[in-house]
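Any read-out appearing in this document is the output of simple, stated calculations on the displayed coordinates, not a laboratory observation. No experiment lies behind these values; they were computed from the predicted model shown. Cβ atoms come from the backbone with ideal geometry, glycine included; neighbour counts cover every protein chain shown.
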Amino acid sequence: MGSNRGRSRDQKGAVAVEAALVTPLLVLLVFGIIEMSLFMRDTVAVNSSVRTGARIASVSAAAGPGTCPTGHTTCSPAQAPALAQAAADAIQRAGSAMPKDSIDWVMIYEADTNGFPLGQSTLTCSTNCVQYIWDDATNKFQFESGSWNSTTAVNACVNDPNRDAVGVALRARHTWVSGLFGDGVEMTERSVMQFEPLPNDQCLPGHHG
């Protein structure tokens, strides 16, 4: 009897030790699954947002310059194209699962053959490029910087090999919930589409918008 009780205590002790060793690994695994699920959700949201923005921008070649009444700060001024504001508004309305205030910036630009802003090898806003940031006070994307004269700098002719393309890029920050993997990670995605063709008498720069 005494030896049986001794073996029982030994078995319980072994189980306790195994539980102490395995439980932290299981907890880490569960948190890892949760974190990666949330990260994938935000990745899909960012991808969907830039595609939505690019699709709207690509059909707006003739939208002309932005219009921003005096005193307003969340709309695009004349130095920015209305197509850029339309893209930013589309991203805002997309209903993404990602909080808008986690978005660092949205960039709308004339894309070169590599899908980057003209003259750049990275997502740096330069020629024919405008950038927006999120404004918490108004829950809208606000024009921040850049210029693009879309009236004279957009070629949307269907049979022209030089038909322009528009790019939409977005940078956002995903925050790790548990903190086990650090504070967070930056996510940057872009989508590039050629402008939808305009009628022949309107498609060349200077003939539309």
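Here are some notes:
- Rounded to 10°, Cα long-axis angle of helix 2-58 versus longest principal axis of the chain: 0
- Mean residue ellipticity at 222 nm, helices only, the chain: -12000 deg cm²/dmol; runs of at least 4 DSSP H residues each add -39,500 (n - 2.57), and the sum is divided by the number of residues.
- Residue of Gly182, Gly119, Gly64 that the Gaussian network model of the chain assigns the largest fluctuation, springs spanning Cα pairs under 10 Å: Gly182
- For Glu144, distant residues with modelled amide H under 5 Å away: Gln131, Tyr132, Ile133
- Leu29-Gln202 FRET efficiency (beta carbon distance; Förster radius 41 Å; 0.05 resolution): 0.10
- Of all the options Ala87, Ala153, Ala165, the one that moves most in a Gaussian network model of the chain with Cα springs shorter than 10 angstrom is Ala153.
- Projected label distance in nm at Thr73 and Gln142, using a 7 Å step from Cα toward the beta-carbon: 0.4
- Electrostatic bookkeeping for Phe195 treats Lys and Arg as +1 and Asp and Glu as -1; over the other residues with beta carbon under 15 Å from its beta carbon, the sum is -3.
- Volume of the Cα convex hull of the stretch 63-126, divided per residue and given in Å³: 125
- With q set to 0.13, 0.17, 0.22 Å⁻¹, the log10 of I(q)/I(0) for the stretch 20-113, from the Debye formula over equal scatterers at the Cα positions, is -0.58, -0.81, -1.11.
- Between Ser49, Ser60, Ser121, the GNM of the chain built on Cα springs shorter than 10 angstrom shows Ser121 fluctuating the most.
- Residues whose placed amide H lies under 5 Å from that of Ser76, excluding near-sequence neighbours: Thr67
- Percent of Cα pairs exceeding the 24 Å cut-off, where the set is the chain: 51
- Estimated from the Cβ-Cβ distance and a Förster radius of 22 angstrom, the FRET efficiency linking Asn114 and Thr188 is about 0.90.
- Exposure proxy shown here: for Val59, Val17, the number of other Cβ atoms within 10 Å sets the order, fewest to most, as Val17, Val59.
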